[in-house]
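Asker: Let me give you the structure first, and then I'll get to my questions.
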Amino acid sequence: MRASVKVGKNQILDTIDKRIYGSFIEHLGRAVYEGIYEPSHPTANEEGFRQDVLDVINELNVPLIRYPGGNFVSGYNWEDGIGPKEDRPKRLDLAWKSVETNEVGLQEFMKWAKSANTDVNMAVNLGTRGVDAARNIVEYCNHPGGTYWSDLRKANGAKEPYNIKTWCLGNEMDGPWQIGAKSADEYGRLAAESAKVMKWVDDSIELVLCGSSGSKMPTFGEWEYTVLEHAYDHVDFLSLHLYWENFDNDLPNFLAKSREMDHFIKDVVSICDAVKAKKGSDKKINLSFDEWNVWYHSKDADAKRQPWDIAPPLLEDIYNFEDALLVGLGIITLLNNADRVKIACLAQLVNVIAPIMTIKDGEVWKQPTFYPFMQASNFGRGKVLTVQSDSPTYDSKDFKEVPFVESTVILNEESQEVVVFAVNRSEKDRLSFDVQLNDFEGLSIIEATELAGYDIKLTTDTNHESMEIKNNESFNVNNNLVSGEIKPLSWNMIRLSYK
Ligand code: AHR
C-alpha cells in the first residue's frame, strides 16, 4: 500500500502559534505536591521544586501552562496562594474531594514557571466568585505598582509585574460537576462583565471564554452560540475540551478518534463565525483547545478512593503505545487546524493524565505519550502547509473512510527546514510514503525517525527505558520527492533542510 502528500512552499495555511504546544497543571492529585513540588526530594531547589522534573519538562519545551485548574479553580480563592506560607489556610477542595494546603499558590507557581521556561495561562474562578476577584488578580499580576494589589505583589517579593497574557474565564461552566455551574445566559453575562473589567485593568491580555465541556454535552452548540452572543466583543478565544477512552479495546476505532477532534474544531469554528456574521463583527474568535488527551485507565481506581487526603494519587493513567499514537494523531489534527486553533493544552503535564510521572523520593519517568509531544513541540515550529494527501482508508465502528496515514507538513523558514509528522494507523501494513515538496531547492534529510514496533499495550512504568525514538533509514530524496516506508502502527518524523 502507498500513501502520499503533495505540497508547495507557498501553500501556507497559517503560522503556528507556539501556544498550540501548551500543557496544564491543576491542583489535583499529585500534579503539584509530589509532582513538581517536593521540598524533601534530593533534587529540590530552594523553592522546593524538583529540578529533575523541571529538566524533563524543559525537554518537552512547553511554551504555556494552564493553571490552577480545571475543576479546582471553580472553588479556589487565589488570595490563599500568596503571602507567608504559614498564614495560608487549609481548605476542602470540593472538585477533587481532597485537602488543599495552599503551600503552593500563584506566588510560587509564577517562580516555577520561569524555571520551566514557560508562560502561564491563568484561570480565574467564575464558579464561586466573579468580577471583583477577577479584576483583582489581574491587578495583582500585571499592574506595575502603586495600588493595593500590585504593591502587595511587590511586598510578596515580585518587584516586576508577571505580565500574564493569556487568561481563562472559568472552567467547564456547563458541567453539572462544576462548583457553581451556570446556564449559558448566566455564564455568558458573568464572563462578559469579568472580561470587560479584566481588560480595563490591562488591555494587553487575551481571554478564553468557556465553550462546552465536550461535544457530547446536551447543550453543545447552543451553549457556544449563547455565551458568544453575550461575550463576543470582550473575548479572544473559545475553549474546547476532549478526552478519549478505549474501554471497549477497539484499536481501529480508538485510533480514528482524532477525526472527532477535527469535526469538533470545524463545528465550533462554524458557530464562532455564525455569531460573527449575526453581529456583523470584524473580529474573528479563535480556538483554545485547552484540555485534550486520553483519559480512562485510572477511572475505576479513582471511583474507589476515600475523600479528603492531601495530594492523593488521582487520574494517574498509565499510558501505553496505542495512547502515544492517538496523542500523535491529536497533535497532527491540531496543527492541520492551526489557522483557528491558536492555543492547545495537553491535559495534563505531571502525574495527572500526564506524559511525565514522578516517584516520591525517587525518579521521574516518561510515559509513551511524552515522545510524539516532545518531537512536535521541539521541531513543529513555523508555518503549517496545506497538503493534498492521499491514503488508503478503512471503516471502524464509529468512523467511515479513516485514512491509514494522517500527516502534517511544517515549514520552518528560520531554520530552513521542512518537517513532516505522520502516523500510520494500519495494524499490519508497512506503507510506502511519498512526500512531494514542490518549489523547494536543495532538499536533504536531516533525520527520519519513528516510534514503532512495540506491542500496543506496552507501557513504560516498570521499565522506563522500554520505548524510544529510533532512526528510520528507509527515507531518501530524489529532487523534490521524499520517499520511504512507514511501519504499521507508527509515529514518524522526517526533518529536511532546504537551500
Ligand atoms: O483535566 C482533568 C479535568 O477534566 C479538569 O479539571 C476538568 O476541567 C476536566 O473535566
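Here, each number is a calculation from the coordinates, and none is a lab measurement. Everything numeric in this text was worked out from a predicted model, so none of it was measured. Note: ideal-geometry Cβ built from the backbone for every residue, glycine included; neighbour counts use all protein chains shown.
Asker: Can you tell which of A303, Y37, Y243 lies farthest toward the positive end of the dipole of the chain, using +1 and -1 charges on the Cβ of basic and acidic side chains (Lys, Arg; Asp, Glu)?
Answerer: Comparing the listed Cα positions along the dipole, Y243 ranks first.
Asker: Separate question: How much length would be gained if the chain were fully extended between T147 and E186, taking 0.36 nm per residue of separation minus their Cα-Cα distance, in nm to one decimal?
Answerer: 10.9 nm is the gain from fully extending T147 to E186.
Asker: Starting from 0.36 nm per residue, how many nanometres of slack lie between K284 and N77 once their C-alpha separation is accounted for?
Answerer: 71.3 nm
Asker: Run the quick spin-label model on N479 and R2: label points 7 Å from Cα toward the beta carbon, then report their separation in nm to one decimal.
Answerer: Here the modelled spin labels are 1.6 nm apart.
Asker: Another question, then. Do any chymotrypsin sites (Phe, Trp or Tyr not before Pro) in the range 190-297 lie in a DSSP loop with no more than 15 other beta carbon atoms within 10 Å, and if so, which?
Answerer: F247, Y296
Asker: Where the only charges are on Cβ atoms (+1 Lys, Arg; -1 Asp, Glu), what is the dipole of the range 40-117 about its Cα centre, to the nearest 20 debye?
Answerer: For the range 40-117, the charge dipole is close to 220 debye.
Asker: Are there chymotrypsin sites (Phe, Trp or Tyr not before Pro) in the range 102-192 that DSSP marks as loop and that have at most 16 other Cβ atoms within 10 Å, and which are they?
Answerer: Sites meeting the loop and neighbour criteria: W177.
Asker: Continuing with this model, one more query. If contacts are Cα pairs under 8 angstrom and at least 6 residues apart, what is the relative contact order of the chain in percent?
Answerer: 20 percent
Asker: OK, next. In whole Hz, with x marking every Gly and Pro, tabulate ³J(HN,Hα) for the range 327-339 from phi via Karplus 6.51 cos²θ - 1.76 cosθ + 1.60, θ = phi - 60°.
Answerer: Values per residue, Gly and Pro as x: 4, x, 5, x, 4, 4, 5, 4, 5, 6, 10, 5, 6 Hz.
Asker: OK, next. Each label point is 7 Å from the Cα along the Cα-to-Cβ direction; what then is the distance between the points at I12 and E363, in nm?
Answerer: Rounded to a tenth, the inter-label distance reads 4.4 nm.
Asker: Stretch L92-E260 to full length: gain in nm at 0.36 nm per residue minus the Cα-Cα span?
Answerer: So the chain would gain 56.9 nm between L92 and E260.
Asker: Another question, then. Convert each backbone phi in the range 459-469 into a coupling constant with the Karplus relation 6.51 cos²θ - 1.76 cosθ + 1.60 (shift: θ = phi - 60°), then list the ³J(HN,Hα) values in order as whole Hz, x for Gly and Pro.
Answerer: 10, 10, 6, 8, 10, 5, 9, 6, 10, 7, 7
Asker: How far is the Cα center of the range 231-278 from the Cα center of the range 323-339, in Å?
Answerer: 12 Å
Asker: Taking a cut-off of 19 Å between Cα atoms, list the aspartates and glutamates near K97, but don't count ones fewer than 8 places away on the same chain.
Answerer: E26, E34, D80, E172, D300, D302, D309, E316, D317
Asker: I want to verify the translational diffusion coefficient of the range 17-379 in µm²/s; compute it with Stokes-Einstein, Rh as the Kirkwood radius over Cα pairs, at 4 °C and 1.567 mPa s.
Answerer: This corresponds to a translational diffusion coefficient of 63 µm²/s.
Asker: Counting pairwise Cα distances across the range 343-499, what percent come out greater than 21 angstrom? Spell out each step's value before the answer.
Answerer: Numbers: 6397 of 12246 pairs.
Percentage above 21 Å: 52.
Asker: How many nm separate the modelled label positions at S204 and D250, each set 7 Å beyond the Cα in the direction of the Cβ?
Answerer: Label at S204, label at D250, 5.1 nm between them.
Asker: Reachable aspartates and glutamates from K199, Cα under 17 Å, same-chain residues fewer than 8 places away excluded?
Answerer: D132, E139, D233, D236
Asker: Continuing with this model, one more query. Does the range 393-462 come out rounded, prolate or oblate, given a ≥ b ≥ c as the square roots of the eigenvalues of its C-alpha gyration tensor, rounded meaning a/c under 1.5 and, failing that, prolate meaning a/b above b/c?
Answerer: Numbers: a/c = 2.51, a/b = 1.53, b/c = 1.64.
Oblate shape, in that a/c is at least 1.5 and b/c is the bigger or equal ratio.
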